[in-house]
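Take a look at the structure below.
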Amino acid sequence: MTDGYQVDSVKKQIDTVFSIANTLRGTYQPDKYRDVIIPMVILRRLECALEDTKDAVCEAYEANPHTPEAILRTKSGYAFYNTSRYSLKKLLGDAAHLKANLKTYIKAFSPNIKEIFSDLEFGKEIDKMAKGSKLTGVVRKFSELDLDPKTVNNVAMGYMFEEVLRRFSENAEAGDHYTPREVVRLVTRLALAEGCEDLKTPGKVIKVGDFACGTGGMLSVAHEQLSEICPEADVYLYGQEVIPDTHAVALADMLIKGQRAENIRLADTMKEDCFPGDKMRLVLMNPPFGQAWGGKDASDGVERAVTEEHKRIGSRFPAGLPAKSDMQLLFMQHVMYKLDGESGRACVISNGSPLFSGGTSSGESQVRRWLLENDYIEAIVGMPGDLFYNTGISIYLWVLSKSKAPKRRGYVQLIDATDKWEKMRKSLGNKRKRISPEQIDEIVGLYIAFEENEHSRILPVEEFLYKEYTVKQPLQRSYQITEERIAKLAEGKFREDFHNPAKVEELALIDDVDKTDKQRRDYKTLVEAEPVFEQMLEILRANVMDEETLDHAWFEAYVKELLADLPDYKEKETAAQRKSVIEKVVGAMSVMDKRAPLRYDRKGNLTYDNSTKDTEIVKLLEDVEDYCEREVYPYVPDAKWFDEEDDKHVKTGAEIPFTRYFYEYEEPESSDALLAEFNALEAQLQELMAQ
């Protein structure tokens, strides 16, 4: 069944819902319509589902109010029930008591459903609608809405929920995106494309997780496709969602499918794993893009929870902590933590940031390195932009596995699907493109084929791993005290505790009563040291040199003699601190000069100039000396590379520059052709002006 058919099948219901929403104007602002519409849609959907078995449930309950829940669930045919004779239509028969009776009707649901309406705080909205004289109209119109599961299946219902959420979330952050259903289908198809032959075994237990599940779209489509592929398997769906109304939609949808309410949890995945004893056969997920896990923009308690979890043995975040501004790579680690160790597979949506953000030693780089070195990445699919409702950015699909097929081991497949789209007849927010079923087949086909072509590259994992080397030139400098160099010395920081203008300004802005003891000491030290620094500058200005020297030893002794009578800049100044001051002045009065003699340390080793320090990124597949022969020595013949990696300094990193592997150079139009075009336009313009 195509996505277009599913949308059309509920178009009438969607239009009705939006017409109801418009009647809320005055009592509600448009961005608050969802506070009424979402719970009412859920209520009507549940009511329609229970309609055929309502009498049987009510008769059993009326005969014995202590009837066990299990019996009531059996009679209802679902994992929930309602013991009230009310329906939305019957409630209208007593309009004077509609508010109280509607609350009574909701309280008659089974505990798992009452929890949904409690989380949504729907009681407050009932009071607000009643006060604004909106309640009767809303209840009447919803009572006429056909949401019977026999008429509107779960997949079509999912479209309806997501369209309602999308329409009432136009101003949501780009990270709060609702995944278009055709993208969900592609994600599910990729996850099931390989390594799932065992799922067809009768009685097979299949656990599917989505730990940023939103309305449960990923889980719904996975359930639908697994029901087709392996109808005799037992499929259990697990989800976590942090937003109450989307969680409510997901929970209601899962209960109608016969899933367990306790497996769809309202919880922040960054704070807790709600299913510590369960490992997933499949994980399908679209984590939020660019959402902070730390700092002032993070939700309360998240940074502390993540930091503590990272330190724990057997952590969900073993590879590292990415930048606090984006939690995508934390979700990626959680996915691998939750996968079954023998055959777990996942497909995760991301934006471009997890592919290449961060420097070598950053958390982002180290998480990528961990994923690559453990051979978890099967494929990354680049998708076009403008697929999502609330953001136009391009996305990537990561196919991850704990058990790669032999042909994939040690390799990563990159698939360029940026041209696999068709234009929508009408835009939906930022969504201007869609992926057709035929294009989904093409993309999945590229993945299964595992072949090199214009849309597919197959590369060893080491292709994306690199080492960062330091490159320096020999220490050769000329020395001269000049006004220009003195002025430059005065501008910036000299030492943390001796002339640090930026620090002084920062501390001066803090009221004295608010300063910590350390801040007071630092401020006092810097202020008291400033006259000494000014005195040092005056000494240098009084001894400006007319000529430079290449003799380092002579110049260092000269500066030391000039500053011999300079007072201590701080109480109990040590000899090492005074030596540091001399060295800094000598360095500031010098420039690199290849005429100067080479310098050697006490062991006879050539000394290199730290001011010439540069870094070179070299793939692990390439020998560093070969790299320097090609990229460094032709420009700096006397340079030398240094491997500075040790236990405290990480110099091995990873990045996946996806677009680079599919870039095709297009030769620009020749200057003669451009000139001819310009002349033709100019002639045309002159002709028009003459007319």
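Results, tabulated for the structure shown:
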quantity	calculated
Qualifying residues in the range 111-130 (those that are of a type in the set (V, I, T) and within 33 Å of the chain's Cα centre (by Cα)) - the one modelled with the highest pLDDT	I113
Yes/no for G320 being at positive phi, without any contact (Cβ under 8 Å) to a residue 60 or more places away in the chain and either surrounded by fewer than 21 Cβ atoms within 10 Å (Cβ to Cβ) or not β-branched (V, I, T) (or both)	yes
Among the candidates K651, K603, residue that is basic (K, R) and either surrounded by 14 or more Cβ atoms within 10 Å (Cβ to Cβ) or at pLDDT 95 or above (or both)	K651
Some residue of the range 393-415 being farther than 28 Å from M280 by Cα, of a type in the set (A, V, I, L, M, F, W, C) and surrounded by 15 or more Cβ atoms within 10 Å (Cβ to Cβ)	yes
Residue in the range 7-16 that is over 22 Å from G123 (Cα atoms), touching a strand residue (DSSP E or B) at 6+ places or on another chain (Cβ under 9 Å) and basic (K, R) present	no
Subset of the range 455-494 [of a type in the set (D, E, K, R) and either in contact with a strand residue (DSSP E or B) (Cβ under 6 Å, 6 or more places away or on another chain) or closer than 29 Å to K640 by Cβ (or both)]	R457, E462, E463, K467, E468, K472, R477, R485, K488, K493
For G382: the one exception among (1) open to solvent by 10 Å² or more (accessible area, probe 1.4 Å); (2) farther than 22 Å from G209 by Cβ	(1)
Lone unmet requirement of (1) of a type outside the set (A, V, I, L, M); (2) in contact with a Ser or Thr (Cβ under 9 Å, 6 or more places away or on another chain); (3) surrounded by 11 or more Cβ atoms within 10 Å (Cβ to Cβ) for R595	(3)
Helices (runs of 4 or more DSSP H) lying entirely in the range 1-110 (those with 2 or more residues that are free of Cβ contacts under 8 Å to residues at least 40 places away in the same chain and among the acidic types (D, E))	54-63
Pairs, first in a strand (DSSP E or B) in the range 414-438, second aliphatic (A, V, I, L, M) and modelled with pLDDT under 90, C-beta under 8 Å, six or more apart	K431/L387; K431/M424; R432/M424; K433/L387; K433/M424; R434/L387; R434/M424
Members of the range 127-154 found to be part of a helix (DSSP H, G or I) and surrounded by fewer than 19 Cβ atoms within 10 Å (Cβ to Cβ), listed by number	D127, K128, A130, K131, T136, G137, R140, K141, S143, N154
K467, sole failed condition from (1) modelled with pLDDT under 95; (2) of a type outside the set (A, V, I, L, M, F, W, C); (3) surrounded by 15 or more Cβ atoms within 10 Å (Cβ to Cβ)	(1)
Filter result (charged (D, E, K, R), within 22 Å of A323 (Cβ to Cβ) and out of contact with any strand residue (DSSP E or B) (no Cβ under 7 Å at 6 or more places or on another chain)) within the range 365-398	E373
Out of Y558, Y661, Y569, sole residue that is part of a helix (DSSP H, G or I), over 48 Å from the mean Cα position of the chain (by Cα), at negative phi and not acidic (D, E)	Y558
Selection status of R485, outside any helix (DSSP H, G or I), in contact (Cβ under 8 Å) with a residue 40 or more places away in the chain, open to solvent by 30 Å² or more (accessible area, probe 1.4 Å) and touching a helix residue (DSSP H, G or I) at 6+ places or on another chain (Cβ under 9 Å)	no
Every residue from the range 118-138 that is over 14 Å from Y33 (Cβ atoms) and in contact with a strand residue (DSSP E or B) (Cβ under 9 Å, 6 or more places away or on another chain)	D119
Any hit, the range 263-280, residues being at pLDDT below 90, open to solvent by 10 Å² or more (accessible area, probe 1.4 Å), under 20 Å from I42 (Cβ atoms) and more than 21 Å from the chain's Cα centre (by Cα)	no
Only one of G429, G352 that is open to solvent by 30 Å² or more (accessible area, probe 1.4 Å) and over 26 Å from I206 (Cα atoms)	G429
Residues (open to solvent by 100 Å² or more (accessible area, probe 1.4 Å), of a type outside the set (A, V, I, L, M) and outside any helix (DSSP H, G or I)) located in the range 488-531	K493, E496
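The values are calculated or read from the model by the stated rules, or taken from the named source; none is laboratory data. It should be emphasised that the depicted structure is a prediction, and the values quoted were computed from it without experimental measurement. For neighbour counting, all protein chains shown are included, and Cβ atoms are generated from backbone atoms with ideal geometry for every residue, glycine included. Each accessible area value is taken on the protein alone, full model and side chains, heavy atoms only, with ligands, DNA and RNA left out. Shrake-Rupley method; radii C 1.70, N 1.55, O 1.52, S 1.80 Å.
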